[in-house]
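Derivation of every value follows stated rules applied to the coordinates shown; laboratory data play no part. What you are looking at is a predicted structure, and each value in this text was computed from that prediction instead of being measured. Ideal geometry is used to build each Cβ from the backbone, glycine not excepted, and the neighbour counts take in all protein chains shown.
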Amino acid sequence: MIRDTSAQDRLVEVKPNRKRRMILIGGGVVVLGLVVWLAPGIGRLFSASSSVSSSRLAFANVERGPFVNDIAAEGNVVAAVSPTMYATYGGAVTLQVHAGDTVKKNQVLAVVDSPELRNKLAQEQSKADGMQVDFLQAGVDSRTKSSNLQKAYDNAQIDQKSAETNLSREQKAAAAGAATGVEVDQAKDALEKARITFAHAKSDMGMNNDSSKFNIQAKKLAHDNQMLVVQDLQRQVDDLNVKSPVDGQVGQLFIAERATVAKDAKLLSVIDLSALQVEMQVPESFARELGIGMTGEISGNGNTWKGIVSAISPEVVNGEVSARLRFAGETPKQLRQNQRLSVRVLLDKRDNVLTVQRGSFVDESGGSYAYVVHDGIATKTPIRVGTSSIDKVEILGGLKEGDRIVISGTDSFKNATTVAISN
């Protein structure tokens, strides 16, 4: 028979622990307070359509302040004036310069050898010389003929006066009875004949003057016309010496040395370094707001220059529009063709504007709504947006200063009304 341990057991009296009870009661009160405090948030959490981690989102606060709408892009230095030289006549070309050489206005850059053109000029010049001789000879002939006619006129005038004197003498003699009537009649006939001869001599001299004048004028016009042909050929021969139209630098050579080219073939290009501009590519969405005359800044080489939009391309290529800026002042001397510079064009500048950082929410919603974050819940809120810049969007309605919104990643919300944001 095994004896139990009843003889060894004894009743232990447990005294109440007041301190432990107070700790338990306090802990219960704290838990109850937390439950009451977190109840609204827990309710909103369970009311959200979905939950998205904050690491997948980007946030920004709505702010009020200055709003600058500008376009920033990389630009290339290009020559506003870059003429290309062409061969005005076919022939072998001798280049007088090399690519990159500095040239002055009217400096000979290339010479086209065209024996055919030079020979044609010599022929036409010889023809012009012959016409000039004809013109001069016509003048000599006119003066000779005029001299002969003048002599005949003078003789006829003398003969007329002699006939008048003879008639007067015969009439006096007849009155005195020393001459007969027949002699008087003969004197009258001689006077009439002298008068007719004088009249013809006078008429011939006048007609000769007109005829000679017309003949000389015709030969002069023919010579002048031939000289125009000679001058045009001389111009073509002079153009065989291809000259630079501007002060600048030789750009590109399109032919090899002593190459034989056809008429109107490209020879070389010249870059006017005193008229450089900066060409930039602008996204199509911003090109609508860009206008000629807008001001901008051009920076590079540690310097900043003021610029003015001078040209905008009318066509869109690969979603971009080409625009050019000219320097507001003197063109900087240290710039080179195709050098890369930074360009900013100011489109709009205002103060006290409600804005938020630009994000994909503008494109995803079309600017009609945004998700406002409050107590970990993103709520879909209708908004109105205005002008957009590179980094900011103007807010016209639906948001107030200090609101925190989701600017990127809202595609994962799937257009839900409310979304819980988890850490």
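Tell me, in nm to one decimal, what length is gained between Ser299 and Ser412 on full extension, where the rule is 0.36 nm per residue of separation less the Cα-Cα distance?
Numbers: separation 113, 0.36 × 113 = 40.68 nm, distance 4.05 nm.
This chain segment gains 36.6 nm when fully extended.
Where does each of Leu290, Leu396, Leu341 land when they are ranked from fewest to most other beta-carbon atoms within 10 angstrom?
Numbers: Leu290 17, Leu396 14, Leu341 23.
Fewest to most other Cβ atoms nearby, the residues stand as Leu396, Leu290, Leu341.
Which ordering of Phe214, Phe254 is given by a fewest-first count of other beta-carbon atoms within 10 Å?
Phe214, Phe254
Would you work out the relative contact order for the stretch 115-238, in percent, from Cα pairs under 8 angstrom that are 6 or more residues apart? Walk me through the numbers before you get to the answer.
Numbers: 85 pairs, mean separation 59.9, N = 124.
Answer for the stretch 115-238 is 48 percent.
Give me His374, His223 ranked fewest to most by other Cβ atoms within 10 Å of their Cβ, as a rough exposure proxy.
On the way: His374 11, His223 19.
Going from sparsest to densest Cβ surroundings: His374, His223.
Mean residue ellipticity at 222 nm from the helices of the chain, using -39,500 (n - 2.57) per DSSP H segment of n ≥ 4 over the full residue count, to the nearest 500 deg cm²/dmol?
After summing the helix terms and dividing by residue count, I get -13500 deg cm²/dmol.
With label points built 7 Å along Cα→Cβ from the Cα atoms of Ser147 and Glu116, find their separation and express it in nm.
Between Ser147 and Glu116, the simple spin-label model gives 5.0 nm.
Kindly state, to the nearest 0.05, the FRET efficiency for Thr387 paired with Gln339, given R0 = 25 Å and r defined as their beta-carbon distance.
0.20
Name the residue from Phe327, Leu346, Gly359 whose Cα lies farthest towards the positive end of the charge dipole of the stretch 327-369, charges +1 on Cβ of Lys and Arg and -1 on Cβ of Asp and Glu.
Positive-most Cα among the choices belongs to Phe327.
What's the longest piece of the chain with no exposed GluC sites (Glu not before Pro), counting a site as exposed if DSSP puts it in a loop and it has at most 16 other beta carbons within 10 Å?
Within the chain, the longest run free of exposed GluC sites (Glu not before Pro) spans 14-256.
Going through the cross-link list Lys193/Lys219; Lys105/Lys263; Lys172/Lys193; Lys120/Lys220; Lys104/Lys306; Lys266/Lys306, which pairs have a Cα-Cα distance over 31 Å in this structure?
With Cα atoms farther than 31 Å apart: Lys193/Lys219; Lys266/Lys306.
Relative to the Cα centre, what is the charge dipole magnitude of the stretch 115-238, using +1 at the beta carbon of each Lys and Arg, -1 at the beta carbon of each Asp and Glu, and rounding to the nearest 20 debye?
With Lys and Arg at +1 and Asp and Glu at -1, about 160 debye.
With the dipole of the chain worked out from charges on the C-beta (+1 for Lys and Arg, -1 for Asp and Glu) around the Cα centre, which of Ile196, Val246, Tyr369 lies farthest toward the positive end?
So the residue we want is Tyr369.
Between Ala218 and Ile158, 0.36 nm times their residue separation minus their Cα-Cα distance comes to what?
18.0 nm
With only Lys, Arg, Asp and Glu charged, each at its Cβ (+1 for the first two, -1 for the last two), find how big the charge dipole of the chain is about the Cα centre; round to the nearest 20 debye. Don't skip to the answer; put the middle values down first.
On the way: 50 positive and 48 negative charges, 481 e Å.
With only Lys, Arg, Asp and Glu charged at Cβ, the dipole is about 2320 debye.
For Gly386, list long-range residues whose amide hydrogen, built 1.01 Å from N in the peptide plane, is under 5 Å from its own amide hydrogen.
Glu394, Ile395, Leu396
To two decimal places, what compactness ratio does the stretch 115-238 give when its Cα radius of gyration is scaled by 2.2 N^0.38 Å?
1.97
Relative to the longest principal axis of the chain, what angle (0 to 90°, nearest 10) does the C-alpha long axis of helix 18-47 take?
30 degrees
Which residue fluctuates most in the GNM of the chain (Cα springs below 10 Å): Arg56, Arg324, Arg258?
The residue with the greatest mean-square fluctuation here is Arg56.
Report the gain in length on full extension from Glu284 to Lys349: 0.36 nm times residue separation, minus Cα-Cα distance, nm rounded to one decimal.
Roughly 21.3 nm would be gained on extension.
What percent of all Cα-Cα pairs in the chain falls in each 20 Å bin, counting up from 0?
15, 20, 17, 15, 12, 9, 6, 3, 1, 1, 0, 0
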